[in-house]
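Following: one structure in structure tokens, then a few remarks.
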Amino acid sequence: MSRDLSPLFAPRGVVVVGASSHPGKFGFVALHNLRAAGFAGPVLATNRDGGELLGAPVYPSIDDLPADVDLDLAFVCTPAAANPDVLRACARRGIRAAFIASAGYGEAGEEGRRVQDELVALADELGIVLAGPNGQGVVSTPVGLCAQIVAPYPPRGSIGIASQSGNFVSSFMNLAVATGVGISRAVSAGNAAAVGIADYLEWFADDPETRVGLAYVEGLVDGRDFARRLRAVTERMPVVLVKGGATAGGQRAAASHTGALASDDRVFDGVCRQAGAVRAGSIEEAFEAAATFATQPAPPGGRVAILTTAGGWGVVTADAVHRSSLTLLPLPDDLRAAIDEKLPPRWSRNNPIDFAGAETRDTIPEVLDLVTAHPDVDAVVMLGLGIQSNQARLMREGRYFPDHGLERIVGYHERQDDRFARAAAEASDRTGKPVLIATELAVADPDNAGPAAVRDTGRVCYPSADRAVRALAQLWDDARHRRRRAGGPDAA
Amino acid sequence: MTAPGPTAGRTLAEDDSAALLAEFGIPVAPATRCADPDAAVEAADAIGYPVVAKLVGDAIAHKTERGLVRLSLRDPDAVRDAATALLAASTPADGEVAVLVAPMLRGARELVAGVVRDPQFGPCVMIGLGGVLTEALADVAFVPVPLDALDAAEAIESLTAQALLGPVRGEPAVDRDALTAVLLGLGALAEARPDVVSVDVNPLIVVDGRPVAVDALVEVDA
């Protein structure tokens, strides 16, 4: 049974404690972000001055808040010394969760740690969910909650984020904005004094809005407890982890070579492998993995087909597949024969399926459908999307546009790339198999009709084939881990 | 890469370490403890040549580094000379010592396995590529204890040099079930014996596809 964090992630109303009229102060920013993101419930504020701020009524203290407003969450910006009284007032008022943005706790030396321990004990005694302290805030898109002192407010989606670094919450959410793959809940755990990463992940696993957990961890207090709980969470939802400080040398007093080799990094690798969590090496990789879990179905196996409009892309993608846990499917005879019906003989007639420029108007969606639907194909990586729209852009921006038939051909290319991206999403939805699209145009020209349409289908347009293959392998590793533990065909 | 650090406990002699591994079902090369060169020759005659001779004692942890292992001894004279030299190489700090005589097992592949107690995550079992280059290669994987057969199999699968686990130089592929059993045995040992600080099985030689421990070092709480 996970700890009930619904007052934090789904409060009926929020009060900003220690709101400020100075737009450079946290107490203003928090109120601004809450109001600007359009939280559906009431937003009130307290400070000594009273009055009104950004349209929110301001009261001198928590005890002065009107009794007929349902409030579950206090966002606390007051100095550490004031916070025990704030918590007591919250409890009197029936406020069930407090996000403590204030600093001056465990991060600030021994005295801070003592004050933090006292605050945790008080919150426990009062029955208040204590998030933070020293955290940047909490986001919950299903209720329009942006109770944080940083940007951005991300699009709605199904990734649940918990991070021991507030800045990485922002990084993940920036990547959500960039890819269009959204967030369900996000929390900066701050010092994680009372509610830790495992608590958040457990709640996400029970949360119908969240499909995948994404966490940044450092300095775990009890590694064995974390590993045990992580394992239970991954049984219910995929989890992607990034660990900070993983390369620090271990201090194991042991006469053995085994001890000498047991670095934090390698042991944590083992913890994640056993728990079935995806361990990512960087923030971008972690987000991409989580975004893939959130937007692609689990592959039924590890056999990959590569579709490409040019040879070199297919070759390097095949290399990436060989380096991963995936396998490059030898092209089945019946599939080769079926594609022969669609393409003149200069296509590769093997996997990678290289059209070699032989495609005509309908070839790409038709072959994509054939390949994705084939029972031996478990997943598809598609390359070359947007190449014609890239040329179209050069024409559109060139001096000859719109004459010489350019307007017509530009429109055609853009419609085609849009159509191919949608065909990929549809083929994936229809077959329940992952179809990943990779092109550097995702970052080189995000407005290109190809990547733009991929985003519009709610999926990630991967900036390189390597990254698409890595994400697909993570998807497959997770699926295989589940299947083996369910006694499935890949049981080792 | 860090070398083995100062010990937190005391080490068991190689044959005592091997006996403990055998209790947990880990295949170990048979060895005879001999008090003097005559006994060593007698043991070698019984085992059949070639043999290996090593100096053993509770306080002897890293034999190879000290030159206390003599390989490929092909006749009684070689065994006698080696045993004499090994006993002469012991120092007062080694305490009571003896010569261990064992068959010279051959395999193109040397693996390493072990147990360590991680300060964060508790006891972990290790598997990797072994021999004298273990630490330089660092192709190893850890699994927290307790572990099941799937955990062990996935750890083995996560090693980079998978080709070395397949058929190599006329030798069959490594029997993954047998290797999994070694990891499960080490896990069981770590659970049953909380006084065991660490275990090194290096090398774990692959003989006809099956892993056999030919050297073992168990460290227990002082």
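The values are calculated or read from the model by the stated rules, or taken from the named source; none is laboratory data. Predicted model, so just to flag it, every value in this text is computed and none were measured. Using ideal geometry, Cβ is built from the backbone for each residue, glycine included, and neighbour counts are taken over all protein chains shown.
Numerical summary
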| quantity | calculated |
| --- | --- |
| Residue within the stretch B:69-78 that is closer than 23 Å to B:A113 by Cβ and modelled with pLDDT under 95 present | yes |
| The stretch B:133-159: number of residues that are more than 9 Å from every other protein chain (Cβ to nearest Cβ) and more than 24 Å from A:R485 (Cβ to Cβ) | 4 |
| Selection count, the stretch B:58-69, where residues are under 14 Å from B:A98 (Cα atoms) and either charged (D, E, K, R) or away from every other protein chain (no Cβ under 14 Å) (or both) | 4 |
| Subset tally (residues that are part of a loop (DSSP other than H, G, I, E, B) and farther than 20 Å from A:A473 by Cβ) for the stretch B:128-172 | 14 |
| Single condition B:T64 does not satisfy, out of (1) within 15 Å of the chain's Cα centre (by Cα); (2) outside any loop (DSSP other than H, G, I, E, B); (3) modelled with pLDDT of 95 or more | (3) |
| Some residue of the stretch B:27-42 being under 14 Å from the mean Cα position of the chain (by Cα) and assigned to a helix (DSSP H, G or I) | no |
| Lone qualifier among A:P375, A:P402, A:P330, A:P365 - being surrounded by fewer than 22 Cβ atoms within 10 Å (Cβ to Cβ), assigned to a helix (DSSP H, G or I) and at pLDDT 95 or above | A:P365 |
| One residue from A:A91, A:A97 being out of contact with any Cys (no Cβ under 6 Å at 6 or more places or on another chain) and either surrounded by fewer than 24 Cβ atoms within 10 Å (Cβ to Cβ) or without any contact (Cβ under 8 Å) to a residue 40 or more places away in the chain (or both) | A:A91 |
| Breaking point among (1) surrounded by 24 or more Cβ atoms within 10 Å (Cβ to Cβ); (2) within 7 Å of another protein chain (Cβ to nearest Cβ), for B:I127 | (2) |
| Criterion violated by B:A88 - all others in (1) modelled with pLDDT under 95; (2) outside any helix (DSSP H, G or I) satisfied | (2) |
| Set A:A108, A:A123: member being under 11 Å from A:P84 (Cβ atoms), part of a helix (DSSP H, G or I), out of contact with any Pro (no Cβ under 6 Å at 6 or more places or on another chain) and not charged (D, E, K, R) | A:A123 |
| Residue under evaluation A:A121, criteria (1) touching a residue at least 60 places away in the same chain (Cβ under 8 Å); (2) more than 18 Å from A:N33 (Cα to Cα), criterion not met | (1) |
| Every residue from the stretch A:444-492 that is under 17 Å from B:A152 (Cα atoms), touching a helix residue (DSSP H, G or I) at 6+ places or on another chain (Cβ under 6 Å) and either at pLDDT 95 or above or assigned to a helix (DSSP H, G or I) (or both) | A:R484 |
| Filter result (more than 14 Å from chain A (Cβ to nearest Cβ), assigned to a strand (DSSP E or B) and surrounded by fewer than 24 Cβ atoms within 10 Å (Cβ to Cβ)) within the stretch B:186-222 | B:I205, B:V207, B:R210, B:V212 |
| Residues located in the stretch B:173-185, provided they are within 14 Å of B:I205 (Cα to Cα) and part of a helix (DSSP H, G or I) | B:R176, B:A178, B:L179, B:V182 |
| Per-region count, the stretch A:427-468, residues among the hydroxyl-bearing types (S, T, Y) and closer than 22 Å to A:A373 by Cβ | 3 |
| Qualifying residue in the stretch B:166-176 (condition: within 13 Å of chain A (Cβ to nearest Cβ), modelled with pLDDT of 95 or more and either farther than 26 Å from B:V69 by Cβ or surrounded by fewer than 24 Cβ atoms within 10 Å (Cβ to Cβ) (or both)) | yes |
| Matching residues, the stretch B:177-200, being charged (D, E, K, R), in contact with a strand residue (DSSP E or B) (Cβ under 6 Å, 6 or more places away or on another chain) and at pLDDT 95 or above | B:D195 |
| Test: residue in the stretch A:22-32 that is in contact with a Ser or Thr (Cβ under 7 Å, 6 or more places away or on another chain), assigned to a helix (DSSP H, G or I) and without any contact (Cβ under 8 Å) to a residue 40 or more places away in the chain | yes |
| Any chance A:I95 is more than 18 Å from A:N33 (Cα to Cα) and assigned by TED's automatic domain parsing to the domain that holds A:V150 | yes |
| Residues that are within 14 Å of another protein chain (Cβ to nearest Cβ), touching a residue at least 12 places away in the same chain (Cβ under 8 Å) and either surrounded by fewer than 21 Cβ atoms within 10 Å (Cβ to Cβ) or not hydrophobic (A, V, I, L, M, F, W, C) (or both), drawn from the stretch A:443-489 | A:Q474, A:D477, A:D478, A:R480, A:H481, A:R482, A:R485 |
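This table checks each residue for (1) surrounded by 15 or more Cβ atoms within 10 Å (Cβ to Cβ); (2) in contact with a His (Cβ under 8 Å, 6 or more places away or on another chain); (3) not in a strand (DSSP E or B).
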residue: A:A45; (1), (2), (3): yes, no, no
residue: A:D49; (1), (2), (3): no, no, yes
residue: A:E52; (1), (2), (3): no, no, no
residue: A:P57; (1), (2), (3): yes, no, no
residue: A:D63; (1), (2), (3): no, no, yes
residue: A:P66; (1), (2), (3): no, no, yes
residue: A:A82; (1), (2), (3): no, no, yes
